[in-house]
1. Dipole magnitude of the chain about its Cα centre, charges +1 at Lys/Arg Cβ and -1 at Asp/Glu Cβ only, in debye to the nearest 20?
2. Sort 58-71, 9-22 for me by packing, meaning the mean count of neighbouring Cβ atoms within 10 Å per residue, highest on top.
3. Arrange the peptides 47-53, 28-34 so that the one whose residues have, on average, the most other Cβ atoms within 10 Å appears first.
4. For the chain, with every protein chain kept in place, what is the accessible area per residue (1.4 Å probe, Å²)?
5. Could you look at the chain and say what percent of its accessible area is carbon and sulfur, using a 1.4 Å probe and all protein chains?
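The values are calculated or read from the model by the stated rules, or taken from the named source; none is laboratory data. None of the values given here were measured: they were computed from a predicted structure. Backbone-built Cβ (ideal geometry, glycine too); neighbour counts: all protein chains shown. Each accessible area value is taken on the protein alone, full model and side chains, heavy atoms only, with ligands, DNA and RNA left out. Shrake-Rupley method; radii C 1.70, N 1.55, O 1.52, S 1.80 Å.
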Amino acid sequence: MHTFMKSSASHKSLLLVFLGVLLVLSFASLVIGASSYGVKEAFHWITGSADQTAAAIFRFIRLPRTLACLLAGASLAVAGLLLQTALNNPLAS
């Protein structure tokens, strides 16, 4: 197997690991909060069988918080990439 193919395969597996970590941490962000609603209630909310209070907490507080964090992180990543590209950093290419 060529070196390029090995590198590409390792990059793909690393990307899958990072996506898995992102999913786990995003779910953790949904279940961590000041109220006592946790993992069990989050699964009930996802399946649509949660009570109204839990559904409101997840829908109007925790989900927007998680999505805002994901958007902010992605925006910072793109801004860093653009800055490194504009400064002709060889590591960015």
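1. In total the dipole reaches around 140 debye.
2. Ranked by mean Cβ neighbours within 10 Å, highest first: 58-71, 9-22.
3. Ranked by mean Cβ neighbours within 10 Å, highest first: 28-34, 47-53.
4. That works out to 78 Å² for each residue.
5. Roughly 74 percent of what the probe reaches on the chain is carbon or sulfur.
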